[in-house]
Amino acid sequence: MTYKDEVLDAGCGTGYLLDFVCGNTSATGVDISKEAVSISKELFPKHKFVQADLTQLPFKNEVFNKVFCFNVIEHVKDKEKAIKELKRVMRKDGTLIIGTNVKDSLSWRLFEVFFGGDPTHFDEFSEDEFIEFISKYFKIVKSERSSCIGRFPNIINYLLNKVLKADILVKAVKE
């Protein structure tokens, strides 16, 4: 049986990444911020946006075959419960793309020195810690160091993405 792609952006913020990734294909975004969800609905009406906590997703079991979650898990107090919820709402053989900051990267250390870090982070991971955490719940297919999805001028993005690599992205599947 072939299923239609059902995509979830877990921690969608104002919906820009969801719209960039999914384009004309309708998808679902979820965020804890009522304001962010309101903005998302206004900016990208072709997608569905829901206000909810990642530790209590309002979806049935095994709805989505593709889930992405970028730079969100470090903001969640109960990361174990959140990752279990992402797994619950994913179909068998579904794909998860998840990313976070790497706490011991040079660029993250520089961010902490110059900007004081991010006080909204409950947990930060080394690359190995993050891979180990995700692998408790999913089969890792690939991991790659990257950084900052276009939030700075091009030269800064180049340095962060090619030289300093402050983030880790993991592609994993639900077995």
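Miscellaneous remarks
- For region 19-44, the tally of residues that are farther than 22 Å from MET90 by Cβ and of a type in the set (Ser, Thr, Tyr) stands at 2.
- All of SER33, SER38 fail the test of being of a type in the set (Gly, Ala, Ser), within 30 Å of VAL102 (Cβ to Cβ) and free of Cβ contacts under 8 Å to residues at least 60 places away in the same chain, apart from SER33.
- The residues of region 155-170 that are farther than 22 Å from THR95 by Cβ, at pLDDT 70 or above and not in a helix (DSSP H, G or I) amount to a single one, ALA166.
The values are calculated or read from the model by the stated rules, or taken from the named source; none is laboratory data. Here the structure is a predicted model, which means the values were calculated and not measured. Glycine gets a Cβ as well: all are built from the backbone with ideal geometry, and neighbour counts include every protein chain shown.
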